[in-house]
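Engineer: The structure that follows is given in the form of structure tokens.
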Amino acid sequence: MAITLVGVGLAYLKYNKPPAKVYMGDAGATLLGFVLSVIALDGAFKQATILSLFIPILALGVPIFDNLFVVFRRFMNGKPIYKADATQVHYRLLSAGLNPKQIVTFLCLISVCFSLTSIILLLLEV
């Protein structure tokens, strides 16, 4: 299942580079998140350590931490957490002067770093 998801993700990314020709939408993002969570939970239950619960969270660190930051910031400012604004990381990088291709590259590099860290944690014998 994970190999299939990697293949589908790479094929999708080919057509989703700026300027994008194909958009995933809410249904595709929900399905992708569900499959990733099932794979993560399946892998987490193969190890008995508490550290194994943090591996999937770290592997998906960019969207998880960005969403947590945005919700926390909206909550602290007294704004509704469901109301859209420009506090997501890609909007902040756009306002910092990066173009969309640079933002995608930067976020992919950060995701790779988080993923490699989670793989290293997975290989550690605790």
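Engineer: Please find, within region 47-100, the residue that is farthest from the chain's Cα centre (by Cα) out of those that are surrounded by 15 or more Cβ atoms within 10 Å (Cβ to Cβ) and part of a loop (DSSP other than H, G, I, E, B).
Structural biologist: Ranking the qualifying residues of region 47-100, first place goes to Leu98.
Engineer: Confirm whether Ile119 is assigned to a helix (DSSP H, G or I), modelled with pLDDT under 90 and assigned by TED's automatic domain parsing to the domain that holds Phe65. Before you say what the answer is, go through the steps one by one.
Structural biologist: Values: assigned to a helix (DSSP H, G or I): yes; modelled with pLDDT under 90: yes; assigned by TED's automatic domain parsing to the domain that holds Phe65: yes.
Criteria met by Ile119.
Engineer: Condition first: in the same structural domain as Val112 (by TED's automatic domain parsing), farther than 17 Å from Val112 by Cβ and acidic (Asp, Glu). Can you find one or more residues in region 74-85 that meet it?
Structural biologist: To start, the set of residues in region 74-85 that are in the same structural domain as Val112 (by TED's automatic domain parsing) comprises 74-85.
Still in the running and farther than 17 Å from Val112 by Cβ: 74-85.
Now restrict to residues that are acidic (Asp, Glu): 85.
For region 74-85, residues in the same structural domain as Val112 (by TED's automatic domain parsing), farther than 17 Å from Val112 by Cβ and acidic (Asp, Glu): present.
Engineer: Just to check your reading of the model, which residue among Gly7, Gly28, Gly43 is modelled with pLDDT under 80 and either loosely packed, with under 13 Cβ neighbours inside 10 Å or in a helix (DSSP H, G or I) (or both)? Break it down stepwise before answering.
Structural biologist: Working: Gly7 fails: modelled with pLDDT under 80; Gly28 fails: modelled with pLDDT under 80.
Sole residue among the options that is modelled with pLDDT under 80 and either loosely packed, with under 13 Cβ neighbours inside 10 Å or in a helix (DSSP H, G or I) (or both): Gly43.
Engineer: Answer yes or no as to whether Ile81 is in contact with a His (Cβ under 6 Å, 6 or more places away or on another chain) and either more than 18 Å from Leu5 (Cβ to Cβ) or of a type outside the set (Gly, Ala, Ser) (or both).
Structural biologist: Details: in contact with a His (Cβ under 6 Å, 6 or more places away or on another chain): no; either more than 18 Å from Leu5 (Cβ to Cβ) or of a type outside the set (Gly, Ala, Ser) (or both): yes.
No.
Engineer: Sort out which residues of region 105-126 are within 17 Å of Asn67 (Cα to Cα) and not small (Gly, Ala, Ser), and write them in order of number.
Structural biologist: Applying the first criterion (within 17 Å of Asn67 (Cα to Cα)) to region 105-126 yields 107-108, 110-111, 114.
Of everything in region 105-126, those that are within 17 Å of Asn67 (Cα to Cα) and not small (Gly, Ala, Ser) turn out to be Leu107, Cys108, Ile110, Phe114.
The values are calculated or read from the model by the stated rules, or taken from the named source; none is laboratory data. Bear in mind that the values here come from a model prediction, so they are computed numbers and not experimental data. All Cβ positions, glycine included, derive from the backbone under ideal geometry; neighbour counts span all protein chains shown.
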